[in-house]
Amino acid sequence: MSKKELRYFLVQEDILPEAILKTVMAKELLLRGEANTVNEAVEKVDLSRSAFYKYKDKVFPFHQWSKGKIVTLALLMEHRPGVLSTVLNIIASVKGSILTINQNLPLQGLANATLSIETAEMNQDLEELLRIISEVTGVRDVRLVGQN
């Protein structure tokens, strides 16, 4: 490969080829101890060893990718007391370290906020954290908008 800088993409799983998805599944089996060898893992997910070795160092579950990073979340919240506080408490409860908070003035009862979070000490994966935050009453939308 040339000295060209590598680029990374965040994509939804439903557009990925089956071999890539099965590679991730095999890696997760190995990580959880549900398979002791690569042969056992690829057999369980019906994947060839050659496909596994082709992709294994290039594809990672989102929670592995985001561990130890600074991520930026964008939230759209109803302008009601306690909504942002609830979100911040959830992040603190999973040991996320909030680095910055920027909140705009509410317009038509809705406020935008961006949060930068250090994920190194988090005891919850980022996908699950986003799901939990999205279920908070008053949170209309939460999205991952960046990472460092």
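The values are calculated or read from the model by the stated rules, or taken from the named source; none is laboratory data. Everything numeric here is computed off the predicted structure, so don't read it as measured data. As a convention, Cβ positions derive from the backbone with ideal geometry for all residues, glycine included, and neighbour counts pool all protein chains shown. These area figures cover heavy atoms from the full protein model, side chains too; ligands, DNA and RNA do not enter into them. Shrake-Rupley method; radii C 1.70, N 1.55, O 1.52, S 1.80 Å.
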Solvent accessible area, Å² - T114, 1.4 Å probe, full protein context: 50 Å²
Computed accessible area, K95, all protein chains, 1.4 angstrom probe, square angstrom: 120 Å²
Contact order relative to length of the chain, as percent, for alpha carbon pairs under 8 angstrom and 6 or more apart: 25 percent
Rounded to 10°, Cα long-axis angle of helix 83-93 versus longest principal axis of the chain: 40 degrees
Contact order relative to length of segment 87-132, as percent, for alpha carbon pairs under 8 angstrom and 6 or more apart: 37 percent
Quarter of Cα convex hull surface for the chain, i.e. mean projection, nm²: 11.3 nm²
Nearest-ten-degree value, helix 18-32 long axis tilted from longest Cα axis of the chain: 80 degrees
Within the chain, longest stretch clear of exposed chymotrypsin sites (Phe, Trp or Tyr not before Pro) (DSSP loop, no more than 11 other Cβ within 10 Å): 10-148
